[in-house]
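The values are calculated or read from the model by the stated rules, or taken from the named source; none is laboratory data. None of these values were measured; they are calculated from a predicted model. All Cβ positions, even for glycine, are placed from backbone atoms using ideal geometry, and neighbour counts span all protein chains on display.
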Amino acid sequence: MNCTVLKASTCRAEALAGLTEIFERSGIEGAGREARLSVCAASGISQTALIARPEETLGPTATTVLEFARRRAAGEPLSRIVGRREFWGLSLAITPQVLDPRPETETIVEAAITTLRDQREKPLRILDLGVGSGALLCALLREFANARGVGVDISIDAANIALVNLDACGLSARAEVRVGDWTTDLRGSFDLIISNPPYIPTADLPRLPREVRDFDPWRALDGGFDGLAAYRRLISGSRSLLDSAGLLLIEFGAHQLAKVLALAARYGFVDTMTYKDLSGLDRVLAARMP
C-alpha cells in the first residue's frame, strides 16, 4: 500500500503495513517498530490498542498519520515530529533549538545516584552546564528531592524550553535557568556539576546520521576541531565552582576518554571513574575536587 493513498477508511493494520514498507525503502532502521510508533503517535492511541483492534479505521487521523509518515521517511526522528521525548521516565518538550536527549545520556543520572547514594536526602546544589531541554536537571531534581539546581545555556530559546519542562515536572520552585556561556560570570559553590557538552569534531558533523545532522542544532553538537573545545572550558571553569570534594559528571564521545581524563588531571581533579552506557561504551567521567 502506498502511504499517499491513506484514507479515513484505511484500517490500522493496513496503515501499519504501508508505513513499514515506506520506512524500509527509506532506510529507516527498525522500520516495523518505527511504523508502529508513528501510527500510535499520530492516531493518539496506545500500542496495546493498535494490537487489540487492528481492524479499526484511521478516521480523521488519517491525514496526521500520512504527515507523520512523510516526515519520518525523510529522516526526521519521531520525537521531533511530536515535539516530545521521554527521558528518565519524564515526558519532556523538545524544539528544534535543543538537543534531542538520548538514552545514553541517562548514564549521567545513574552515575549521580550511584556516587551520591548516601546523600539522596541532602540539600545538594546542582549545576547543569549546557542545560538544553532541561532533561538532566529535571531527572536529577526528581531523584534528589531536597536538591536545588541551576541550569545554564548560551541559547535563550533552550533556556526557555528548560523552564517549560521544569515547570511541567513540578520542579520550578527548586530550580533556576540562566543564559550564559559555560561558567562565565557564575558564582557560588556546588556539590554536583553535570554536563553533556558538544563533542563532535567540526569536520565530522556532515557525516553524522541524518536524524542527528539534519535535526539537532549544530551548536549542541560542534565540539571544535578536536571535539574537546567545550571540555577545556567547563573542566577548568568548574574548579572554582565546586565545593570541597564536589563531583563533576560529564558525558563524552567515542575515543575521547583518555583525552578527557588528561584534562581532568591537568586541572587538579582526582578520584576519576568512568561509567558505561547500556551499550557497554565508556560514556561518563566522574571526577572530584580534592
Picked from the stretch 201-220 (must be in contact with a Phe, Trp or Tyr (Cβ under 9 Å, 6 or more places away or on another chain) and among the aliphatic types (A, V, I, L, M)), the residue nearest to Pro103 (Cα to Cα) is Leu205
Could you tell me which numbered condition Lys276 fails, if it satisfies all but one of (1) within 27 Å of Gly75 (Cβ to Cβ); (2) touching a residue at least 24 places away in the same chain (Cβ under 8 Å); (3) among the charged types (D, E, K, R)?
-> (1)
Which condition number in (1) touching a residue at least 60 places away in the same chain (Cβ under 8 Å); (2) surrounded by 14 or more Cβ atoms within 10 Å (Cβ to Cβ) is the one that Leu248 fails?
-> (1)
Filter result for the condition that a residue is over 20 Å from Asp216 (Cα atoms) and modelled with pLDDT of 95 or more, over Ala112, Ala93, Ala69, Ala73 = Ala112
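Take the residues of the stretch 22-50 that are of a type outside the set (A, V, I, L, M) and under 13 Å from Thr64 (Cα atoms): which is surrounded by the fewest Cβ atoms within 10 Å (Cβ to Cβ)?
For the stretch 22-50, the residue satisfying everything is Gly44.
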Tell me which residues, restricted to the stretch 138-174, are surrounded by 21 or more Cβ atoms within 10 Å (Cβ to Cβ) and assigned to a helix (DSSP H, G or I).
-> Cys138, Ala139, Leu140, Leu141, Ala158, Ala159, Ile161, Ala162, Asn165, Leu166
Going through (1) without any contact (Cβ under 8 Å) to a residue 40 or more places away in the chain; (2) touching an Asp or Glu at 6+ places or on another chain (Cβ under 9 Å) one by one, Ala13 fails only at (1)
